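Undergrad: Questions regarding the structure given below will be posed in turn.
The values are calculated or read from the model by the stated rules, or taken from the named source; none is laboratory data. On a predicted model such as this, the values are computed, not experimentally measured, just so you know. Quick reminder, even Gly has a Cβ in these numbers, built from the backbone with ideal geometry, and neighbours come from all protein chains shown.
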């Protein structure tokens with residue numbers, strides 16, 4: 001597998017106001033706001049620095065398991081790495097004995113999860129990666145009806 005570059009860090013927070021305070025505190029710019037229906041969560045992707053390096057994804061859940069993340073206080077959710085082909089990377093990791101969270105990658109091009117029409121993702125189950133949730137991200141062209 002090729003060396004992967006960090007794509008973003010995901011942080012769960014209980015409220016949008018908390019995310020907005022952190023964005024202001026660290027002088028970040030908002031790149032994208034959306035809602036992921038499958039997790040009933042708002043998300044805010046930031047830009048950071050002149051090259052928009054190391055963005056942060058703030059995840060604000062409204063229901064479900066993420067509302068109880070870290071006892072409901074939120075915290076570091078995942079570290080995402082960019083890959084050229086999520087399906088190929090997942091298959092390669094599975095051959096190494098790692099389990100993936102999704103049976104098939106969440107495909108933006110065929111069935112985009114609301115709010116993320118320009119990425120394809122899958123996650124390595126934390127029990128295979130020292131308790132850390134790692135996301136694999138493949139960037140694809142936005143769908144024509146993207147809400148960005």
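Undergrad: Can you pull out the residues in the range 97-111 that are modelled with pLDDT of 90 or more and more than 16 Å from residue 79 (Cα to Cα)?
TA: 97, 98, 99 - these are the residues of the range 97-111 that are modelled with pLDDT of 90 or more and more than 16 Å from residue 79 (Cα to Cα).
Undergrad: Check off (1) in contact with a helix residue (DSSP H, G or I) (Cβ under 8 Å, 6 or more places away or on another chain); (2) modelled with pLDDT of 90 or more for residue 114 and give me the number that stays unchecked.
TA: Residue 114 satisfies every listed condition except (2).
Undergrad: How many of the residues in the range 126-148 are surrounded by 13 or more Cβ atoms within 10 Å (Cβ to Cβ) and either modelled with pLDDT of 75 or more or touching a helix residue (DSSP H, G or I) at 6+ places or on another chain (Cβ under 6 Å) (or both)?
TA: 11
Undergrad: Further question: Pick from 53, 87, 94: which is surrounded by fewer than 19 Cβ atoms within 10 Å (Cβ to Cβ), at pLDDT below 90 and either part of a helix (DSSP H, G or I) or touching a strand residue (DSSP E or B) at 6+ places or on another chain (Cβ under 7 Å) (or both)? Spell out how you get there, then give the answer.
TA: Numbers: 53 fails: either part of a helix (DSSP H, G or I) or touching a strand residue (DSSP E or B) at 6+ places or on another chain (Cβ under 7 Å) (or both); 94 fails: at pLDDT below 90.
So the residue among 53, 87, 94 that is surrounded by fewer than 19 Cβ atoms within 10 Å (Cβ to Cβ), at pLDDT below 90 and either part of a helix (DSSP H, G or I) or touching a strand residue (DSSP E or B) at 6+ places or on another chain (Cβ under 7 Å) (or both) is 87.
Undergrad: Let me ask something else. Return the residues of the range 10-50 that are buried (at least 17 other Cβ atoms within 10 Å of the Cβ) and under 27 Å from residue 98 (Cβ atoms); say none if nothing qualifies.
TA: 10, 11, 12, 36, 39, 41, 43, 45
Undergrad: With the structure loaded, tell me whether residue 63 is in a loop (DSSP other than H, G, I, E, B), at pLDDT 90 or above and either within 17 Å of residue 136 (Cβ to Cβ) or in contact with a strand residue (DSSP E or B) (Cβ under 9 Å, 6 or more places away or on another chain) (or both) or whether it fails that test. So that I can check it myself, show each step before the final result.
TA: Working: in a loop (DSSP other than H, G, I, E, B): yes; at pLDDT 90 or above: yes; either within 17 Å of residue 136 (Cβ to Cβ) or in contact with a strand residue (DSSP E or B) (Cβ under 9 Å, 6 or more places away or on another chain) (or both): yes.
It is true that residue 63 is in a loop (DSSP other than H, G, I, E, B), at pLDDT 90 or above and either within 17 Å of residue 136 (Cβ to Cβ) or in contact with a strand residue (DSSP E or B) (Cβ under 9 Å, 6 or more places away or on another chain) (or both).
Undergrad: Quick one: which residue in 35, 8 is in contact (Cβ under 8 Å) with a residue 40 or more places away in the chain, under 19 Å from residue 126 (Cβ atoms) and touching a strand residue (DSSP E or B) at 6+ places or on another chain (Cβ under 9 Å)?
TA: Working: 35 fails: under 19 Å from residue 126 (Cβ atoms).
8 is the lone residue from the list that is in contact (Cβ under 8 Å) with a residue 40 or more places away in the chain, under 19 Å from residue 126 (Cβ atoms) and touching a strand residue (DSSP E or B) at 6+ places or on another chain (Cβ under 9 Å).
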